[in-house]
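The values are calculated or read from the model by the stated rules, or taken from the named source; none is laboratory data. Just so it is clear, the model here is predicted, and its values are computed rather than measured. We place every Cβ from the backbone using ideal geometry, glycine too, and count neighbours over all the protein chains shown.
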C-alpha cells in the first residue's frame, strides 16, 4: 500500500517538475526572442535614420563634385570616395604580405623553431601575446603612434603613406589572426599527402595549404577593408584632412568617414554629413555581401561542391 | 620459391622509435624483400603505423619523435638519402583518402610538378599512365578537370594511389588503405595492389586478417609488451605464418583469440 502511495506521489512530483521546466523554457524562449528583436531593431533604426536624413542629399552631382571647403560645407564628396579607395588599396598592399607572412611563420615554422631554441620560443610567445594585445588597442593609439613615428619623426607628413602605414599597423592583428585560424583549419592530411610525394615544405605551403586556407584569409582581408573605411580618429591624425584629391602618396587627403566627421563638427552642412554617412553605410553593407559571396564561392571550390 | 630469393629492399636493424619518453617500437630487425607484398598485422596501438612511417621518414614530422637504429634502402641508410628523393621513391597511401582540393588532373600532376616538370604534354601522358595503372582512367577520363573531392571514397583512394604512382616510386607504403572503404571498393584496391607488385615493393598495414592472408607474400606480426611498446613477434612467408606459425602468440592472434 505504502509503495503505491509513494509511486503516485512521485508521479505527481514528476508532473509538477515537468510543468515547471516547461514554464522556464517558455520564459527563456521569449527572453531570447525579445533580445534578438531589440538588437535588430536598434541596428535598423540607426541605419534607417541615417538613410532617411542622408538620401535626399544624394544625387549624381553630390557624388561627382569635390567638397568646396569652408564652414558652409558646400560641394559634394567625390574626392573623399577616391581617397578612401586609395587608402584602402595602399593599406592592404602593405598589411597583407606582412600579416600573411607572420601567420605562415607562426603556424608552419614557429613550432619547429621553438623546439630548437629557447630564445626563439620566447620570441614567438612574445609575438603571439603582442598580436593579442594589439587587437584590443583603441585605434586612436595607433593614430598617435603613427603621428609620432611616421608623420613627425620620419617626416612623411600628413599623407596617404603615413595613414596607410598606421592603418596597416591597425589591421595587422586582424589579418594575422584570421590567417592563422584559416591555416590551422587546413587538415594535416593535405600536408602529409604533399610531403609524402617528396614536395618540399615551401612547395606544400604555397600549393596546398594556402589555396585551402584562401577563404579564411580573404575574409580577414575584407574585414580589414571595412575597418579602414570606417575608422576616423587614426586617419584624422595621420592623413590630415585636405579635401583635395591626393596626387601622390605623400599628399594629405580625406576619407569618407573623415569627411562625415569634419562636416558634422566644423560646418553647418549636417545634411551633407548624413548624405556621406549614408554612402558609407551602403558601402559597408555591400562589402559584407561581397565577403559572403566570395567566401562561399571559394569554400565551394575548396570543398569541391560544384 | 623465387620470391624468397628477391633481394632485400629494406634492411631494418634494431629500430627504436620513441615519442618523448614513450617507447612506441623496440628493437625491430627485419628484411623487406623487393617486388613483393609484405603485410603488417597486429593489435591496435602496437606501432604498425609508426613502423610504416619510419620508411619514408614521415615520423620526422611529428614533434618529439626520436628514431634509433637503422633502415637501409637499397644498401644505403635512409638518413643518407636526400629526403626529397627518398619520399619520391617511397610513396605513401594513407588510411583515409586525402586528395587535395584540386581537380583530378592537378592531383595527379602535383608530384611531377613539385619536382619541376612543366611540359603539358608530358604531364598529360603521366596523368593518363598513372590513372590507368590505378585502374581509374575509364571512370574519370571525362571529368579530369572536375574536383577530386566530388568522386566516391573508393575512387578517391585509387586517385591517391595514382597520385603516388605519378612520381614513379619503387616502394609503396600503405596504411590500412581500405579501412574507410566499402567491400567492393576494398576488392578493387586489393586487385590493384596485386597488379602493382611486379614493379613495386609494397608494405601494407592491415587490420583485416583475410586481406593479409590472401593478398600478401610476407607477413609481419607485431604485438606490444606490458609497457605498450611494439615489438616484432614473427615474420615470414604469409602461407607459413598463417598455417604453421612458429610462435604461440601468432597462432592465438590469427585464430582470433585476442587483439
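For the range B:51-73, the set of residues classified as out of contact with any strand residue (DSSP E or B) (no Cβ under 7 Å at 6 or more places or on another chain), assigned to a loop (DSSP other than H, G, I, E, B) and closer than 14 Å to residue B:10 by Cβ consists of B:57 only. Of all residues in the range B:13-50, those that are without any contact (Cβ under 8 Å) to a residue 60 or more places away in the chain and either closer than 16 Å to residue B:72 by Cβ or assigned to a strand (DSSP E or B) (or both) total 8.
The set of residues in the range B:131-171 that are within 20 Å of residue B:200 (Cβ to Cβ), out of contact with any strand residue (DSSP E or B) (no Cβ under 8 Å at 6 or more places or on another chain) and within 12 Å of chain A (Cβ to nearest Cβ) comprises B:159, B:162, B:163, B:166, B:168. Scanning the range B:208-243 for residues that are out of contact with any helix residue (DSSP H, G or I) (no Cβ under 9 Å at 6 or more places or on another chain) and assigned to a loop (DSSP other than H, G, I, E, B) gives B:225, B:226, B:227, B:228, B:229.
Scanning the range B:85-98 for residues that are facing chain A (nearest Cβ under 8 Å) and either free of Cβ contacts under 8 Å to residues at least 24 places away in the same chain or part of a loop (DSSP other than H, G, I, E, B) (or both) turns up B:85, B:94, B:96, B:98. Report yes if residue B:23 is out of contact with any helix residue (DSSP H, G or I) (no Cβ under 8 Å at 6 or more places or on another chain), surrounded by 15 or more Cβ atoms within 10 Å (Cβ to Cβ), more than 14 Å from chain A (Cβ to nearest Cβ) and over 17 Å from residue A:191 (Cβ atoms), otherwise no. Judged against the criteria, residue B:23 is a match. Does any residue of the range A:243-250 turn out to be part of a helix (DSSP H, G or I) and surrounded by fewer than 21 Cβ atoms within 10 Å (Cβ to Cβ)? Within the range A:243-250, none of the residues are part of a helix (DSSP H, G or I) and surrounded by fewer than 21 Cβ atoms within 10 Å (Cβ to Cβ). Do we have any residue at all in the range A:269-281 that's under 25 Å from residue A:237 (Cβ atoms), out of contact with any helix residue (DSSP H, G or I) (no Cβ under 8 Å at 6 or more places or on another chain) and not in a helix (DSSP H, G or I)? No.
Filtered by the rule that a residue be assigned to a loop (DSSP other than H, G, I, E, B) and free of Cβ contacts under 8 Å to residues at least 24 places away in the same chain, the range B:129-167 gives B:141, B:142. The single condition from (1) at pLDDT below 90; (2) more than 10 Å from chain A (Cβ to nearest Cβ) that residue B:60 fails is (2). Yes or no: residue B:42 within 28 Å of residue B:215 (Cα to Cα) and modelled with pLDDT under 90? Spelling it out, residue B:42 is indeed within 28 Å of residue B:215 (Cα to Cα) and modelled with pLDDT under 90.
Here residue A:302 fulfils each of the conditions (1) within 14 Å of chain B (Cβ to nearest Cβ); (2) assigned to a loop (DSSP other than H, G, I, E, B) apart from (2).
Suppose we filter the range A:48-79 for residues that are in a helix (DSSP H, G or I) and exposed (fewer than 13 other Cβ atoms within 10 Å of the Cβ); how many remain? It would help to see each step written out before you state the result.
Of all residues in the range A:48-79, those in a helix (DSSP H, G or I) come to A:48-57, A:60-64, A:78-79.
When the remaining residues are screened for being exposed (fewer than 13 other Cβ atoms within 10 Å of the Cβ), the result is A:48-49, A:52, A:56, A:60-61, A:64.
The qualifying residues number 7.
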